[in-house]
Amino acid sequence: MVTASLQQTAAFTRRRPRRHGAGILPGFGLSLGYSVLYLCLLVLIPLAALPIKSADLGWSGFWAAVTAPRVLASYQLTFGASLIAALVNLVFGALAAWVLVRYTFPGKRVLDALVDLPFALPTAVAGIALTALYSRNGWLGSLLEQGLGLKVAFTPKGIVVALIFIGIPFVVRTVQPVLEDLEREIEEAAASLGAHRWQVIRRVLLPAILPALLTGFALAFARAVGEYGSVVFIAGNMPMVSEITPLLIISKLEQYDYAGAAAIATVMLAMSFVLLLAINLLQAWQARGREGRA
């Protein structure tokens with residue numbers, strides 16, 4: 001009798017016309033309206049205020065503000081250091097995720113918890129700690145400078161170190177669930193068929209985790225581009241040498257040059273959007289290629 005009732009309900013559901021986009025649960029219109037309002041108030045309106053405020057400069061003033069030599073040097077340093085840090089995190093974050101998923105060793109839970117430390121630690125505290133560690137009198141800074149003649153703190157190298165520190169959790173936490181869902185029997189089957197370790201990595205593991213790797217890279221890069229607190233202490237903040245763009249925006253605001261700060265922020269926003277769009281298109285292309293091969 002219960003089976004007959006379920007069959008009747010299913011037949012009624014199939015016959016009943018359903019509006020496009022409507023689901024079984026009610027409240028689609030209300031939830032969609034709330035989501036749109038939430039995004040507008042917290043994301044779209046603040047971002048739209050940047051180009052609107054920078055329009056006070058006019059086109060010539062805007063172009064002069066965003067192409068000044070000091071500003072161009074900050075762009076190069078910010079995006080260059082962010083790219084290097086994201087690439088480093090892409091490699092070592094994937095290795096860390098692999099170790100945490102595939103191996104069991106003493107202290108594994110502690111290491112897994114330490115991955116999230118940059119999320120919980122205030123950025124200013126991280127910057128002070130890294131500066132104390134890599135300065136000339138610090139534990140690592142003294143060894144690097146005396147042994148290798150390598151100065152880290154108050155140089156662009158220190159900026160890269162800080163960006164690596166705050167960005168690695170994005171890659172680890174993005175790749176780790178994918179590796180956990182990837183069955184180990186697939187790797188064993190590939191090895192039993194004669195595949196070498198590099199072939200297993202290149203043809204079995206890498207295609208499976210590549211979307212997650214790209215997502216983690218995009219998140220780490222986006223976080224690094226806008227990072228301020230952990231960088232400002234270790235950077236040295238020398239114009240044309242170790243001054244990042246977020247610091248330059250803060251300097252403009254302190255000088256009450258709100259239009260100039262908005263103009264620089266608008267360029268940062270546009271460049272970040274283009275880079276993230278390119279990464280998303282690459283992810284979509286890779287997913288279509290994987291579906292085609294399947």
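Each reported figure results from applying straightforward, stated rules to the coordinates on display, with no laboratory input. This is a predicted model, so every value here is computed, not measured. Cβ: placed from backbone, ideal geometry, glycine included. Neighbour counts: every protein chain shown.
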Legend entry - Per-selection metrics, segment 189-267 (Cα): Rg and Dmax in Å: 21.6, 68
Inset, instruction - Round to the nearest 0.05 the FRET efficiency obtained for Leu182 and Leu95 when R0 = 25 Å and r is the Cβ-Cβ distance. - result: 0.95
Inset, instruction - Note the angle between two axes, namely the Cα long axis of helix 123-134 and the longest principal axis of the Cα atoms of the chain, as a number of degrees from 0 to 90, rounded to the nearest 10. - result: 60 degrees
Legend entry - Euclidean distance of C-alpha centroids, segment 114-189 and segment 215-290, integer Å: 19 Å
Inset, instruction - Please give the helix 206-225 orientation as an angle from the longest Cα principal axis of the chain, in degrees from 0 to 90, rounded to the nearest 10. - result: 40 degrees
Legend entry - Whichever aspartates and glutamates have a C-alpha closer than 20 Å to that of Lys53, once near sequence neighbours (fewer than 8 apart) are set aside: Glu254, Asp257
Legend entry - Isotropically averaged projected area of segment 70-123, using the convex hull of Cα atoms (one quarter of hull area), nm²: 4.8 nm²
Inset, instruction - Give the residue from Phe154, Trp63, Ser142 lying farthest towards the positive end of the charge dipole for segment 46-155; charges sit on Cβ (+1 for Lys and Arg, -1 for Asp and Glu) and the dipole is referred to the Cα centre. - result: Ser142
Inset, instruction - Starting at the first residue of segment 97-102, write each ³J(HN,Hα) from the Karplus equation 6.51 cos²θ - 1.76 cosθ + 1.60 with θ = phi - 60°, in whole Hz, x for Gly and Pro. - result: 5, 4, 5, 5, 8, 8
Legend entry - At 1.567 mPa s and 4 °C, Stokes diffusion of segment 63-293 via Kirkwood alpha-carbon radius, µm² per second: 66 µm²/s
Inset, instruction - Treat each spin label as a single point 7 Å out from the Cα along the C-beta direction, and report the Asp56 to Trp198 distance in nm. - result: 5.9 nm
Inset, instruction - Work out from phi, with θ = phi - 60° and the Karplus expression 6.51 cos²θ - 1.76 cosθ + 1.60, the ³J(HN,Hα) of each residue of segment 242-259, listed in order in whole Hz, and give x for Gly and Pro. - result: 9, 9, 7, 5, x, 5, 5, 5, 4, 5, 5, 5, 5, 8, 6, 9, 5, 5
Inset, instruction - Starting with the highest mean, order 213-224, 128-139, 255-266 by the number of other Cβ atoms within 10 Å, averaged over the residues of each peptide. - result: 213-224, 255-266, 128-139
Inset, instruction - Treat segment 17-150 as a sphere of radius equal to its Kirkwood radius over Cα pairs and apply Stokes-Einstein at 10 °C in a medium of 1.306 mPa s; give the translational diffusion coefficient in µm²/s, rounded to a whole number. - result: 75 µm²/s
